[in-house]
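The values are calculated or read from the model by the stated rules, or taken from the named source; none is laboratory data. Quick caveat: nothing in here was measured; it's all calculated off a predicted structure. Positions of Cβ are generated from backbone atoms using ideal geometry, with glycine treated the same way; all protein chains shown enter the neighbour counts. Just the protein is used for accessible areas: all its heavy atoms, side chains included, with ligands, DNA and RNA removed. Shrake-Rupley method; radii C 1.70, N 1.55, O 1.52, S 1.80 Å.
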Amino acid sequence: MKILVLNSGSSSQKSCLYEIGDALPEHPPEPIWQAKAEWNGDQAEITIQTARGEKVKEQMRAGSRQQALEQVLDTLLSEKTRTISGPSDISVVGHRVVNGGLDYREPTVITSKVRAAIAGMSVFAPLHNRAELEGMDIIEKRFGQVPQIAVFDTGFHSRLPEPAFVYPGPYDWLAQGIRRYGFHGINHQYCAERTAQLLGRNLRSLKLVTCHLGNGCSLAAIQDGHSVDTTMGFTPLEGLMMGTRSGSVDPGILTFLMRQGRFTGEHLDDLLNKSSGLLGISGASGDMREIVALMKDGNSRAKLAFDIFVHRLRSCIGSMVAVLGGIDALIFSAGIGENSPEVRAAASDNFGYLSLKIDPKNNQHPHEDCDIASADSAVRVMVIRAQEDWAITKECWRLISAKLAGRSSAS
C-alpha cells in the first residue's frame, strides 16, 4: 500500500510517501519519497529526497502555496526523483487537519460533508485549515477518486477535563463553540507513545510533559495515555511564545488598541499571528537558529527574544507538572525541541528541585529518539523526532485495512 501524506504547517508544506506491507512495522521506516517546502516571503525553498538517495534542492518564487505543492507533487513522476509509475499507484492520501472541532475527533474519510466542516473551522485556524483544503482539492484534481483521510490535530485533546477546556468567560461561550481545543495532538500523542516504547514502560503508568517546539509551539500534560491539559486553546495562538505568533497576551492590550482606533480585528489577527513572537521581539527573525546566532554575536534584542521564550517555556512546563502532580519524563520535539541544545538546557535548568538533570554531552549531540538525562536524574528527558507524517500514515493504513477486511468478510 502506497500512502501519500500532506502536512501543511503555518510556514511549511511537508509531503511523504510510504510503502507499507501487510503489517505495520514496529519502528518508523524512512519514506520512499519526501519533500519539504519552506516559505520566506514570496520565496520557497524546496527539498526533495528519495529512498534511493537522490536529492534535489531548489529555490523558487512561489506565487501561492498551491503552486508550490503542485511543483512538489510533480517530482513524484519526474525523471530524477520518480517514485511512482502513475497516479493509480497511490492507495490513499492522508492529511493533517489542524482543527476538526467537536464533530471530528477520529481519523475520517474525507467527504463533501467533512470538507464543509473543516472549512467551517477555518475561522479558528486560518493559517492551517484553508491550506489543508487547498491540498485536498489539488489531490482530487491530480489523483482522481483516491481515498483521502483527515487526521485531526485536535483529536488527542478531545478528552480534556471540563476545567481544562472551559474558558472563564460567559458560560454561553460553550454553546458558540468557544472553548479550548488544543493542537499539535498528532505529535504529542506520537511522542508519548514513542517515549513509553523507548523506556519499556506502560504508557498509562507515565506522567509526561511533551514540548512541541517548532514555528508553532505547545505543551501537553499526559496522564493515563491521554492529554489532560495543553497550552494552545481556542486557536493555535494561545500559550507559548512562537516564531511569529505572540502566544498568550493580556486581552486588555487588544481592547486598548481597538479603542485607540489603531487596529481592526483583522489587523490584530495579522499582528499577533505574523509579526509577533521571536520575530516581533528581535526585529530580525522568527527562526530560533538565527536568534541564537545573533544572541551569540551580542544582539540584545535577540537575547531578549530568547530569554522571553525560555521564561514562558519554563513557566508552562511548571504548570503542566502541577496539573499532573509529578513528572516521569520531559519530552522535546519538533524543529526547536530537536535541534536547539541551548533551549533544552535553559528550559531544564530550573527543574533541579525535581531532581531533573540533563547530561551536557548528550544534550549537545543527541542521537535520534534518545534520553539526554544524566544517569542520576529522577526524571527522564527525551528528544523525540517529530513523526506526524508517520503517525498519519499509520492511521490511514489502519482505516483502509479495516475497510478492505470488512469487504472481504462481507463477500
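When VAL249 is evaluated against the numbered criteria (1) part of a loop (DSSP other than H, G, I, E, B); (2) crowded, with 24+ Cβ neighbours inside 10 Å, which criterion, by number, is the only one it fails?
Status for VAL249: all satisfied but (2).
Being in contact (Cβ under 8 Å) with a residue 60 or more places away in the chain and farther than 30 Å from PHE156 by Cα is the filter; apply it to the range 83-94 and report the residue that is least open to solvent (accessible area, probe 1.4 Å).
If we take residues in the range 83-94 being in contact (Cβ under 8 Å) with a residue 60 or more places away in the chain and farther than 30 Å from PHE156 by Cα, then ILE84 is least open to solvent (accessible area, probe 1.4 Å).
Can you list the helices (runs of 4 or more DSSP H) found entirely within the range 315-371 that contain at least 1 residues being modelled with pLDDT of 95 or more and touching a Gly at 6+ places or on another chain (Cβ under 7 Å)?
Here the list reads 334-339.
Looking at GLU342, GLU290, which is the one that is touching a residue at least 40 places away in the same chain (Cβ under 8 Å) and open to solvent by 30 Å² or more (accessible area, probe 1.4 Å)?
Going through GLU342, GLU290 in turn, just one is touching a residue at least 40 places away in the same chain (Cβ under 8 Å) and open to solvent by 30 Å² or more (accessible area, probe 1.4 Å): GLU342.
Matching residues to (1) open to solvent by 10 Å² or more (accessible area, probe 1.4 Å); (2) not basic (Lys, Arg):
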{"site": "LYS57", "(1), (2)": "yes, no"}
{"site": "ARG61", "(1), (2)": "yes, no"}
{"site": "ARG65", "(1), (2)": "yes, no"}
{"site": "LEU73", "(1), (2)": "no, yes"}
{"site": "ARG96", "(1), (2)": "yes, no"}
{"site": "LEU102", "(1), (2)": "yes, yes"}
{"site": "ALA117", "(1), (2)": "yes, yes"}
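When only residues in the range 194-209 that are within 12 Å of HIS226 (Cβ to Cβ) and not in a loop (DSSP other than H, G, I, E, B) count, which is least open to solvent (accessible area, probe 1.4 Å)?
This residue is LEU208.
If you take the residues in the range 149-186 that are farther than 24 Å from SER333 by Cβ and part of a helix (DSSP H, G or I), which one is least open to solvent (accessible area, probe 1.4 Å)?
Applying the filter and picking the extreme gives LEU174.
Output the residues belonging to the range 372-394 that are of a type in the set (Val, Ile, Thr), part of a loop (DSSP other than H, G, I, E, B) and touching a residue at least 60 places away in the same chain (Cβ under 8 Å).
Within the range 372-394, just ILE384 meets the criteria.
Going by what's in this entry, would ILE308 be described as over 26 Å from LEU203 (Cα atoms) and either in a loop (DSSP other than H, G, I, E, B) or open to solvent by 10 Å² or more (accessible area, probe 1.4 Å) (or both)?
Yes; evaluated as a whole, the condition is true for this residue.
Which one of ARG142, ARG105, ARG82, ARG130 is of a type in the set (Lys, Arg), under 20 Å from ALA391 (Cβ atoms) and either assigned to a loop (DSSP other than H, G, I, E, B) or in contact with a helix residue (DSSP H, G or I) (Cβ under 7 Å, 6 or more places away or on another chain) (or both)?
ARG105
Residues are listed down the side, and each one gets a yes or a no for (1) among the polar types (S, T, N, Q); (2) within 24 Å of HIS311 (Cβ to Cβ):
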site	(1), (2)
ALA345	no, yes
ASN350	yes, yes
LEU356	no, yes
PRO360	no, yes
HIS365	no, no
ASP371	no, no
SER377	yes, yes
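Just to verify a result, which residue in the range 256-282, among those that are out of contact with any helix residue (DSSP H, G or I) (no Cβ under 6 Å at 6 or more places or on another chain) and in a loop (DSSP other than H, G, I, E, B), is surrounded by the most Cβ atoms within 10 Å (Cβ to Cβ)?
SER276
Just to be sure I understand, how many residues within the range 213-234 are open to solvent by less than 20 Å² (accessible area, probe 1.4 Å) and either assigned to a helix (DSSP H, G or I) or within 20 Å of MET382 (Cα to Cα) (or both)?
13
So for the range 356-366 (the condition being open to solvent by less than 20 Å² (accessible area, probe 1.4 Å) and either touching an Asp or Glu at 6+ places or on another chain (Cβ under 9 Å) or within 25 Å of ARG312 (Cα to Cα) (or both)), does at least one residue qualify?
Checked the range 356-366: at least one residue is open to solvent by less than 20 Å² (accessible area, probe 1.4 Å) and either touching an Asp or Glu at 6+ places or on another chain (Cβ under 9 Å) or within 25 Å of ARG312 (Cα to Cα) (or both).
Answer yes or no: is there a residue in the range 395-407 that is assigned to a loop (DSSP other than H, G, I, E, B) and either surrounded by fewer than 21 Cβ atoms within 10 Å (Cβ to Cβ) or in contact with a Gly (Cβ under 8 Å, 6 or more places away or on another chain) (or both).
no
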